[in-house]
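Asks: Got a structure here, written out as structure tokens. Questions coming.
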Amino acid sequence: MIERFAEWISESGRIVFFGGAGISTESGIPDFRSAAGLYQTETHSPYSPEEILSRPFFDRHPEVFFDFYRSKMLHPEAQPNAAHRFLARLEEQGKLTAVVTQNIDGLHQLAGSRKVLELHGSVHRNYCMNCGTFHTLEEVISAPDPVPACKSCGGIVKPDVVLYGENLDESTITGSIEAIRNADMLIIGGTSLTVYPAAQFVDYFRGNRTVLINMAQTGFDGRAGLLIAEPIGQVCEAVSRVWQEG
């Protein structure tokens, strides 16, 4: 199976990767439900993960949102793993045209990927809701108040992440669909394909080379040309060795 994966890479020139939380968990970043579960246990919080990460909750209880967000969702020390580095290398060698990710951690860019379409935004972009001033992740982490305040006007600084109840960015949607539609190979990794509308984007793929790497079963399993239920970093390391040797 690894050999076939490497063979497909060699024969393809417009590869797109569509990924989710599973690629980041191997860098030590828990998926948000696990993070929220831990937060609920530690703080005896009555709120569900979906509630905490919703726009109405953010507007009503920004102090609770930021307590959870800072303590459980920000991992500035996290580093790219073998999967991130492999995808960056594919792009560098002209094989991969885009990474479409549901993750907000910026690890693909840190690994060297340049064409990254972030469906759910990024923790590295933060803007004042009042005046629009940009703030870095470091400013959000180190802000002295429970709710980060704008350095220019004092307004609330909101992370540029898509919360429940908010729409995805239209230009990111368009770019993602276009990249997937024009791909000659689609690698799906670390996602259960249950978060909508993002999960629907893989349906735009028109090729016949689909690789699905995920530890748990998904609704897409029967449609994958190659189905690999192993850690994605481990798979990418193995494929990288075979592909380079070939």
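Asks: Give segment 44-66 a look and list any residue that's of a type in the set (G, A, S) and more than 17 Å from F32 (Cβ to Cβ), or say none. Don't jump to the end; show me each part of the working.
Replies: Just the residues of segment 44-66 that are of a type in the set (G, A, S), to begin with: 45, 48, 54.
None; the set is empty.
Asks: Still on this structure: With respect to R241, determine if the residue is of a type in the set (K, R), at pLDDT below 95 and within 25 Å of R85 (Cβ to Cβ). If you could, list the steps in order and put the result at the bottom.
Replies: Numbers: of a type in the set (K, R): yes; at pLDDT below 95: yes; within 25 Å of R85 (Cβ to Cβ): yes.
Yes: the conditions hold for R241.
Asks: Of all residues in segment 71-84, count the ones that are in a helix (DSSP H, G or I) and touching a residue at least 40 places away in the same chain (Cβ under 8 Å).
Replies: Step one: filter segment 71-84 for residues in a helix (DSSP H, G or I), giving 71-73, 82-84.
When the remaining residues are screened for being touching a residue at least 40 places away in the same chain (Cβ under 8 Å), the result is 72-73, 82-84.
Final tally of qualifying residues: 5.
Asks: Ok, one more. Count, please, the residues in segment 30-49 that happen to be among the hydrophobic types (A, V, I, L, M, F, W, C), open to solvent by less than 70 Å² (accessible area, probe 1.4 Å) and out of contact with any Leu (no Cβ under 8 Å at 6 or more places or on another chain). Steps first, please.
Replies: So the first thing to find is which residues in segment 30-49 are among the hydrophobic types (A, V, I, L, M, F, W, C), and the list is 32, 35-36, 38.
Those still in the list that are open to solvent by less than 70 Å² (accessible area, probe 1.4 Å) too: 32, 35-36.
Still in the running and out of contact with any Leu (no Cβ under 8 Å at 6 or more places or on another chain): 35.
Number satisfying all stated conditions: 1.
Asks: Report yes if G94 is in contact (Cβ under 8 Å) with a residue 40 or more places away in the chain, surrounded by fewer than 22 Cβ atoms within 10 Å (Cβ to Cβ) and out of contact with any Ser or Thr (no Cβ under 9 Å at 6 or more places or on another chain), otherwise no.
Replies: Working: in contact (Cβ under 8 Å) with a residue 40 or more places away in the chain: yes; surrounded by fewer than 22 Cβ atoms within 10 Å (Cβ to Cβ): yes; out of contact with any Ser or Thr (no Cβ under 9 Å at 6 or more places or on another chain): yes.
Yes, satisfied.
Asks: I would also like to ask the following. Kindly provide the set of residues from segment 15-36 that are among the hydroxyl-bearing types (S, T, Y) and within 15 Å of L53 (Cβ to Cβ), ordered by number.
Replies: Taking segment 15-36 as the starting set, the residues that turn out to be among the hydroxyl-bearing types (S, T, Y) are 24-25, 27, 34.
S34, the sole residue that qualifies.
Asks: Which of (1) of a type outside the set (D, E); (2) out of contact with any His (no Cβ under 9 Å at 6 or more places or on another chain); (3) at pLDDT below 95; (4) surrounded by 22 or more Cβ atoms within 10 Å (Cβ to Cβ) does I52 not meet, given it meets every other one?
Replies: It is condition (2) that I52 fails.
Asks: Hey, could you check segment 206-228 for residues that are more than 20 Å from T25 (Cβ to Cβ) and among the polar types (S, T, N, Q) and say which is surrounded by the fewest Cβ atoms within 10 Å (Cβ to Cβ)?
Replies: N208
Asks: Could you check how many residues of segment 97-118 are assigned to a loop (DSSP other than H, G, I, E, B) and either open to solvent by 20 Å² or more (accessible area, probe 1.4 Å) or touching a residue at least 24 places away in the same chain (Cβ under 8 Å) (or both)?
Replies: 8
Asks: Here is a further query. Suppose we keep only residues that are part of a loop (DSSP other than H, G, I, E, B) and within 30 Å of I180 (Cβ to Cβ) within segment 119-148. Which one would you say is least open to solvent (accessible area, probe 1.4 Å)? Break it down stepwise before answering.
Replies: Initial filter on segment 119-148 (part of a loop (DSSP other than H, G, I, E, B)): 119-120, 129-133, 136, 143-148.
Within this subset, residues satisfying the condition of being within 30 Å of I180 (Cβ to Cβ) are 119-120.
On the way: L119: 4, H120: 34 Å².
The qualifying residue least open to solvent (accessible area, probe 1.4 Å) is L119.
Asks: Of the conditions (1) of a type in the set (V, I, T); (2) within 17 Å of D203 (Cβ to Cβ); (3) touching a Pro at 6+ places or on another chain (Cβ under 7 Å), T174 fails just one. Which one is it?
Replies: Against the list (1) of a type in the set (V, I, T); (2) within 17 Å of D203 (Cβ to Cβ); (3) touching a Pro at 6+ places or on another chain (Cβ under 7 Å), T174 comes up short only on (3).
Asks: Just give me the residues in segment 107-122 being of a type outside the set (S, T, N, Q), under 17 Å from G233 (Cα atoms) and in contact with a strand residue (DSSP E or B) (Cβ under 8 Å, 6 or more places away or on another chain), in sequence order.
Replies: Quick first cut of segment 107-122, residues of a type outside the set (S, T, N, Q) only: 107-108, 110-112, 114-121.
From what's left, under 17 Å from G233 (Cα atoms): 107-108, 110-112.
Answer for segment 107-122, where residues must be of a type outside the set (S, T, N, Q), under 17 Å from G233 (Cα atoms) and in contact with a strand residue (DSSP E or B) (Cβ under 8 Å, 6 or more places away or on another chain): just H108.
Asks: Do we find a residue being farther than 25 Å from R85 by Cβ, of a type outside the set (A, V, I, L, M, F, W, C) and out of contact with any Leu (no Cβ under 8 Å at 6 or more places or on another chain) anywhere in segment 224-235?
Replies: Here is the first cut: in segment 224-235, the residues farther than 25 Å from R85 by Cβ are none.
No, every residue in segment 224-235 fails to be farther than 25 Å from R85 by Cβ, of a type outside the set (A, V, I, L, M, F, W, C) and out of contact with any Leu (no Cβ under 8 Å at 6 or more places or on another chain).
Asks: Could you count how many residues in segment 149-205 are outside any strand (DSSP E or B) and either open to solvent by less than 40 Å² (accessible area, probe 1.4 Å) or among the basic types (K, R) (or both)? Step through it out loud before you land on a result.
Replies: We begin by selecting, within segment 149-205, every residue outside any strand (DSSP E or B); these are 150-155, 162-163, 165-184, 190-205.
The next check asks that each one be either open to solvent by less than 40 Å² (accessible area, probe 1.4 Å) or among the basic types (K, R) (or both); those that pass are 150-151, 155, 163, 168, 172-173, 175-177, 179-181, 183-184, 190-191, 193, 198-199, 201-202, 205.
Final tally of qualifying residues: 23.
Asks: Filter segment 26-70 down to residues that are part of a helix (DSSP H, G or I) and farther than 26 Å from N214 by Cβ, then give me how many there are. Write out each step before concluding.
Replies: Here is the first cut: in segment 26-70, the ones part of a helix (DSSP H, G or I) are 32-43, 49-52, 55-60, 62-70.
Subset that is farther than 26 Å from N214 by Cβ: 41-43, 51, 55-60, 62-70.
Counting residues in segment 26-70 that are part of a helix (DSSP H, G or I) and farther than 26 Å from N214 by Cβ gives 19.
Asks: Being surrounded by fewer than 16 Cβ atoms within 10 Å (Cβ to Cβ) and at pLDDT 90 or above, is that true of even one residue in segment 16-25? First the steps, then the outcome.
Replies: Of segment 16-25, the ones surrounded by fewer than 16 Cβ atoms within 10 Å (Cβ to Cβ) are none.
Looking for residues that are surrounded by fewer than 16 Cβ atoms within 10 Å (Cβ to Cβ) and at pLDDT 90 or above, one finds none in segment 16-25, hence no.
The values are calculated or read from the model by the stated rules, or taken from the named source; none is laboratory data. Quick caveat: nothing in here was measured; it's all calculated off a predicted structure. Glycine gets a Cβ as well: all are built from the backbone with ideal geometry, and neighbour counts include every protein chain shown. Heads up: the accessible areas ignore ligands, DNA and RNA and are worked out on the full protein's heavy atoms, side chains in. Shrake-Rupley method; radii C 1.70, N 1.55, O 1.52, S 1.80 Å.
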